[in-house]
1. Within the bounds of segment 111-121, is there any residue that is over 29 Å from residue 185 (Cβ atoms) and aliphatic (A, V, I, L, M)?
2. Please pick out the residue among 241, 187 that is hydrophobic (A, V, I, L, M, F, W, C), in contact with a helix residue (DSSP H, G or I) (Cβ under 6 Å, 6 or more places away or on another chain), modelled with pLDDT of 95 or more and not in a helix (DSSP H, G or I).
3. Could you please find all residues in segment 218-238 being more than 19 Å from residue 68 (Cα to Cα) and out of contact with any helix residue (DSSP H, G or I) (no Cβ under 8 Å at 6 or more places or on another chain)?
4. Return the residues of segment 155-187 that are in contact with a Gly (Cβ under 9 Å, 6 or more places away or on another chain) and over 19 Å from residue 269 (Cα atoms); say none if nothing qualifies.
5. What are the pairs with Cβ atoms under 7 angstrom where one residue, in segment 51-73, is assigned to a helix (DSSP H, G or I) and the other, located anywhere, is crowded, with 19+ Cβ neighbours inside 10 Å? Sequence gap at least six, or different chains.
6. Could you check how many residues of segment 237-262 are in contact (Cβ under 8 Å) with a residue 60 or more places away in the chain and under 19 Å from residue 277 (Cβ atoms)?
7. Go through (1) farther than 18 Å from residue 84 by Cα; (2) of a type in the set (D, E, K, R); (3) in a loop (DSSP other than H, G, I, E, B) and name the single condition residue 172 misses.
8. Determine whether segment 137-157 contains at least one residue that is surrounded by 16 or more Cβ atoms within 10 Å (Cβ to Cβ), over 28 Å from residue 239 (Cβ atoms), touching a strand residue (DSSP E or B) at 6+ places or on another chain (Cβ under 7 Å) and among the hydrophobic types (A, V, I, L, M, F, W, C).
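The values are calculated or read from the model by the stated rules, or taken from the named source; none is laboratory data. Values in this document were obtained by computation on a predicted structure and should not be read as measured data. Neighbour counts run over all protein chains shown; Cβ positions are idealised from the backbone, glycine included.
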Amino acid sequence: MAVMATTRSKLCSFLTRTLRPGFNGSTRSDPFECRCSFSSAAAVEAEREPMGVKEYDDYRRSLYGEITHKGLLVDAAGTLLVPSRPMAQIYREIGEKYGVKYSEAEILNRYRRAYAQPWGGSRLRYVNDGRPFWQYIVSFSTGCSDSQYFEELYNYYTTDKAWHICDPEAEKVFMALRKAGVKVAVVSNFDTRLRSVLRALNCDHWFDAVAVSAEVEAEKPNPTIFLKACELLGIKPEDAVHVGDDRRNDIWGARDAGCDAWLWGNDVYSFKEVAQRIGVEV
């Protein structure tokens, strides 16, 4: 019992140091924090002996068994898939025949400025197919409002020329996870074109569910989109782990929803590593 109490103390210390304010400024805990109860002396001891990743994973196994999560939630852009070529390069190349004169550096700077601005007073950037939002972004970034230019650019980003799968072992890993009984969903801030992109890349069948912000009407880090993904998979939030590349949107948002969360490129570097931490060998 003393060993378990010490382990719990270490877990709480580990979780406390990894918590961050959520999207609404509140600090929410990992679901395991509510199970922790320890004295000030135990807290001091935990602080001296911080729990590492392996200890944390072992602790989950002590609670849930060898397979630590029933569901895997995966971010799309930046984690599952990445642009095949730089955005500013594509905007400039396609735009040349429509009179776009800005350099790639100018387009990139203007794109960042446009994207950072509040969108029409709405909490959502992507509504349905996202056309009005992207028309604004393209026009501001390039100085060109030609509708034909916009349509060509917009449609390009639904094709397999625009995107590629980040991890070449992704399909094998997701199939192994699902065979082991772990359900897999994509959770993404994206317009409704995401489904077309997944079909174009022939990976839509890898997933049990897709939660798109434009359809859910909630964007990460809002916990609603993570809760919807869990609902679609038929699992509780505490039984899911989300993997994404954005600390605020993916990590803080998922934890606010009560899910576990790992930062892509920091906590995990490949989907094979994700599967191994869950307890599934590939």
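1. Yes: one or more hits.
2. One residue alone meets the criteria, 187.
3. The one that is more than 19 Å from residue 68 (Cα to Cα) and out of contact with any helix residue (DSSP H, G or I) (no Cβ under 8 Å at 6 or more places or on another chain): 232.
4. Once the filter is applied, which keeps residues that are in contact with a Gly (Cβ under 9 Å, 6 or more places away or on another chain) and over 19 Å from residue 269 (Cα atoms), segment 155-187 yields 180, 182, 183.
5. Hits for this filter: 55/10; 56/11; 56/14; 57/68; 57/277; 59/11; 60/68; 61/68.
6. Residues in segment 237-262 being in contact (Cβ under 8 Å) with a residue 60 or more places away in the chain and under 19 Å from residue 277 (Cβ atoms): 17 in total.
7. Going through (1) farther than 18 Å from residue 84 by Cα; (2) of a type in the set (D, E, K, R); (3) in a loop (DSSP other than H, G, I, E, B) one by one, residue 172 breaks only (3).
8. Checked segment 137-157: no residue is surrounded by 16 or more Cβ atoms within 10 Å (Cβ to Cβ), over 28 Å from residue 239 (Cβ atoms), touching a strand residue (DSSP E or B) at 6+ places or on another chain (Cβ under 7 Å) and among the hydrophobic types (A, V, I, L, M, F, W, C).
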